[in-house]
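Just below is one structure, and these are the notes that go with it.
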Amino acid sequence: MVKNAFYSTTIIAACLALGKFIAAYLGGLPASLYGMLIFTSVLHFQLVNPKKIAASISWIIQHMGVCFVPAGVGIINHYQLIKDHGFALVAIVFISTFTLLSFVGLTYQHLVINKDNCNN
Amino acid sequence: MMEPLVINIDVLSFVPSIALILATIGIYQSFAYLQNKTQLIWLNPMLLSIAAIIPLLLYFKLPFEQYFHSTQLLNNLLEPAVVALGFPLYQHLTSIKHQWQVLGLLLVLAVILVIVISFTLTTVFIALPEIAVSLSLKSITTPIGIELTQQLNGDTSITAFAIILAGLFGALLGPSWLNFINVKSAKAQGLAIGAASHALGTATISKISYEHGAYGSLSLIVCAVITALVSPFLINNLAVLFL
């Protein structure tokens, strides 16, 4: 267990370091996203044993929420913005979220149904 | 004789830093426990922790900048957290193998659509460029949304807040809305909620069926990658268009 956690941490750190290197030279994506794509590739090409890291990764994903709290608390500095535009802000999130839900749901269902009709 | 080892740590800032980090984790874990017990979606631990910490900072007259500086360690863990998301992406690569063209195209269009709508509406009604960036990045998973916000000079706290909101809308109302507009296939519902309400929505619909959860997590991770690829170009061009 401890050994696997150490193994996972080392691999994530190595992917992130490589990601930072690529981001510094190429730019474009944030370093962490290069790191994520590198991590996916090393798993895909079986350079890393997915069974050894599965437990640690699901622990990280389950608990990562706490890392976003400090950034979120920054809303304390936006009293005036919330007072002036709070309603518009919530409305924009609401409208765009439901547009997106409907677009993806309807389009995909349409494609699936059409494909099924072709197969019949 | 060996020189004594000098550890260059400012003790005065080190101690409150640990205390604030532990307090933040403690508050978050209590709310996470509460949600786990009650199984209520809207008792979101991230949202409740923010709501609990703000009055504490005001009460102790601790400026946000100092709090953020002291808890920097937590914010720095965002980067390895994003890397860890490579694992679910790897897990879902095989399931999209035979339909990646259709899914890829659909989700690229979806991401462009939501960025254009959010950016345009925010520019028209709120007219603050950094808020427009934040709201354009609110449909994706938090660590990637915050990283991209930092890169594109948005406001991370507004992004974090908007991401939670988008997640709650999809988690609480998404399935009933999709049933209402007659989108009943499990795959279509999963993809839609993963795309619009990321991990929060996906965690909720995973309880409906395995297929909901699988397509939800596939969609949320692919959308985050697409957003990372298209948003710098798209947002810079939209900004030029509106200014």
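The values are calculated or read from the model by the stated rules, or taken from the named source; none is laboratory data. Keep in mind that what you see is a predicted model, and the values were worked out from it rather than measured. Backbone-built Cβ (ideal geometry, glycine too); neighbour counts: all protein chains shown. With ligands, DNA and RNA removed, areas are computed over all heavy atoms of the protein, side chains included. Shrake-Rupley method; radii C 1.70, N 1.55, O 1.52, S 1.80 Å.
Taking label points 7 Å from Cα along the Cα-to-Cβ direction, residue A:58 and residue A:112 give a separation of 2.5 nm. Taking label positions 7 Å along the Cα-Cβ direction at both residue B:93 and residue B:172, the computed distance is 3.9 nm, reported to one decimal. Inter-label distance, residue B:76 to residue B:236: 3.0 nm, where each label sits 7 Å from its Cα along the C-beta direction.
From the helices alone, meaning DSSP H stretches of at least four residues, give me the mean residue ellipticity at 222 nm for chain A, per-run term -39500 (n - 2.57), in deg cm²/dmol to the nearest 500.
Details: 5 runs with 99 residues, N = 120.
Mean residue ellipticity at 222 nm (helix-derived): -28500 deg cm²/dmol.
Accessible-area loss of 50 Å² or more (1.4 Å probe, protein heavy atoms, chain alone versus all protein chains) is found in the stretch B:156-191 for B:157, B:158, B:161, B:169, B:177.
Just to be sure I understand the curve: with the Debye formula and one point per C-alpha of the stretch A:1-64, what is log10 I(q)/I(0) at q = 0.17 Å⁻¹? For the stretch A:1-64, the Cα-only Debye profile gives -0.59. The alpha carbons of the stretch B:109-189 give a radius of gyration and a Dmax of 13.8, 39 Å, in that order.
Using every pair of separate Cα atoms, the Kirkwood estimate puts the hydrodynamic radius of chain B at 19.6 angstrom. In sequence order, the stretch B:106-120 has phi-based couplings of 4, 6, 4, 4, 4, 5, 4, 4, 5, 5, 4, 4, 5, 5, 5 Hz under the Karplus curve 6.51 cos²θ - 1.76 cosθ + 1.60, θ = phi - 60°, and Gly or Pro positions carry x. For chain A, the ratio of Cα radius of gyration to the globular rule of thumb 2.2 N^0.38 Å stands at 1.56.
Counting only protein heavy atoms, what percent of the accessible surface of the protein assembly as shown is carbon or sulfur at a 1.4 Å probe?
Details: 12600 of 18170 Å².
Here carbon and sulfur together make up 69 percent of the probe-accessible area.
Across chain B, the longest piece that holds none of the chymotrypsin sites (Phe, Trp or Tyr not before Pro) lying in DSSP loops with up to 14 other C-beta atoms within 10 Å covers B:61-243. Tilt of helix B:186-205 relative to the longest C-alpha principal axis of chain B, in degrees (0 to 90, nearest 10)? Roughly 10 degrees, rounded to the nearest 10. For the protein assembly as shown, the share of alpha carbon pairs falling in successive 10 Å distance bins from zero is 5, 24, 33, 26, 9, 2, 1, 0, 0 percent. For the stretch B:175-233, the C-alpha radius of gyration divided by 2.2 N^0.38 Å, with N the number of residues, is 1.12.
Once every DSSP H run of n ≥ 4 in chain B is given -39500 (n - 2.57) and the sum is divided by its residues, what mean residue ellipticity at 222 nm do you get, rounded to the nearest 500 deg cm²/dmol? Please report the intermediate quantities before stating the final value.
Values: 12 runs with 195 residues, N = 243.
Helix-only estimate at 222 nm: -26500 deg cm²/dmol.
Going by accessible surface with a 1.4 Å probe and the largest first, B:149, A:99, B:94 read B:94, A:99, B:149.
I'd like to check one number: the per residue accessible area of the protein assembly as shown, probe 1.4 Å, reported in Å² as a whole number.
50 Å²
State which stretch of chain B is the longest one without any exposed trypsin sites (Lys or Arg not before Pro), exposure meaning a DSSP loop state and at most 10 other Cβ atoms within 10 Å.
Details: sites that count: B:61, B:207.
Between exposed loop sites, the widest span is B:62-206.
Chains A and B together bury roughly 6700 Å² of accessible surface, counting both sides and using a 1.4 Å probe on protein heavy atoms.
Quarter the surface of the alpha carbon convex hull of the stretch B:11-76 and you get the mean projected area, 4.7 square nanometres.
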